[in-house]
1. Which one is nearest to K7 (Cα to Cα) among residues in the stretch 67-83 that are in contact with a Phe, Trp or Tyr (Cβ under 9 Å, 6 or more places away or on another chain) and either crowded, with 18+ Cβ neighbours inside 10 Å or of a type in the set (D, E, K, R) (or both)?
2. Might you let me know whether the stretch 53-73 holds any residue that is over 23 Å from H121 (Cβ atoms), among the basic types (K, R) and free of Cβ contacts under 8 Å to residues at least 40 places away in the same chain?
3. What residue, among those in the stretch 38-48 that are under 14 Å from A24 (Cβ atoms) and touching a residue at least 24 places away in the same chain (Cβ under 8 Å), is surrounded by the fewest Cβ atoms within 10 Å (Cβ to Cβ)?
4. Between a residue in the stretch 223-250 that is more than 16 Å from A24 (Cα to Cα) and surrounded by 21 or more Cβ atoms within 10 Å (Cβ to Cβ) and any residue that is of a type in the set (D, E) and modelled with pLDDT of 95 or more, which pairs come within a Cβ distance under 7 Å, given they are 6 or more apart or on different chains?
5. Restricting attention to the stretch 128-138, does a residue exist that is surrounded by fewer than 21 Cβ atoms within 10 Å (Cβ to Cβ), touching a strand residue (DSSP E or B) at 6+ places or on another chain (Cβ under 7 Å) and modelled with pLDDT of 95 or more?
6. Could you check the stretch 170-192 and list, in sequence order, the residues that are of a type outside the set (V, I, T), at pLDDT 95 or above and either surrounded by fewer than 20 Cβ atoms within 10 Å (Cβ to Cβ) or in a loop (DSSP other than H, G, I, E, B) (or both)?
7. Pick from the stretch 200-210 the residues that are of a type outside the set (A, V, I, L, M, F, W, C) and surrounded by fewer than 16 Cβ atoms within 10 Å (Cβ to Cβ): which of them is nearest to T12 (Cα to Cα)?
8. Residues to consider are G144, G187, G197; find the one that is within 18 Å of T104 (Cα to Cα) and of a type in the set (G, A, S).
Amino acid sequence: MGQLQGKVAIITGAGSGFGEGMAAAYVREGAKIIIADLNAEAGERVAKALGANAKAVACDVANADSVNAMVKACVDTFGVPDIVINNAGTTHKNQPMLNVDEKTFDRVFNVNVKSIYFMTHAVLPLMRERGKGGVILNVGSTAGIRPRPGLSWYNASKGAVNLLSKSMAVELAPDRIRVNALCPVMGATGLLSDFMGVPDTPENRAKFVSTIPLGRFCDPKDMAAAAVFLGTDAAEFLTGLEMPVDGGRTI
């Protein structure tokens, strides 16, 4: 029997990258999951690969109506979620802070921060009404712990996620709802070239990898392992963590 047998989970941004890795691990461990992704085609691809215990729902996490509709689809299909992973995120290109326009700034904060506001409003009343607790995992970043130059507004958004997770953990503890932040270092995802601010070449990758003591980027399997553990009952006494998944980058 899997470590997450019988659990229902929502994973945003699960059509690729870290989210896809977490989705695959959750299904392997027995969970039923909603793959919420802005890219409907990507979400359907992942759901089809994972089988009957995964359902794709197109969702813009920066839109309250879209989030509410996605959560309703979860309840109608699998039931009230036990675990919510707020993984969807975006960034601006690595550049001087004054070069980032207001539209880009708003998009970064809407996708990375306001999305958690919308998701919490949608799922918290359901978890409270059921009365069995729950797990919320917010994907923050090492950027909110040890920021890199050129990503100031993105760093700020992830700092907000990291701190929000701790604040939520304290407030929701009486409801037995655990809240933790997963803080990955860079991964070889679709956002890598924006994070680096230079072309994605082996030479440029090597410069950034050199800042990570264990000598490689974060892989979806690394995030998946942490997300599985924190979603299980074995982690029942862990809340408010700002867990670096970073190969030592934040040391």
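The values are calculated or read from the model by the stated rules, or taken from the named source; none is laboratory data. All figures in this text were calculated on a predicted structure; none of them were measured in a lab. Because the Cβ atoms are built from the backbone with ideal geometry, glycine has one as well, and the counts that use them run over all protein chains shown.
1. Among those that are in contact with a Phe, Trp or Tyr (Cβ under 9 Å, 6 or more places away or on another chain) and either crowded, with 18+ Cβ neighbours inside 10 Å or of a type in the set (D, E, K, R) (or both), it is I83.
2. So far as the stretch 53-73 goes, no, none of its residues is over 23 Å from H121 (Cβ atoms), among the basic types (K, R) and free of Cβ contacts under 8 Å to residues at least 40 places away in the same chain.
3. My answer is R45.
4. Filtered contacts from the stretch 223-250: V245/D222.
5. The answer is yes; a qualifying residue exists.
6. E171, A173, P174, D175, R176
7. Going through the qualifying residues, I end up with D200.
8. Residue meeting the stated conditions: G197.
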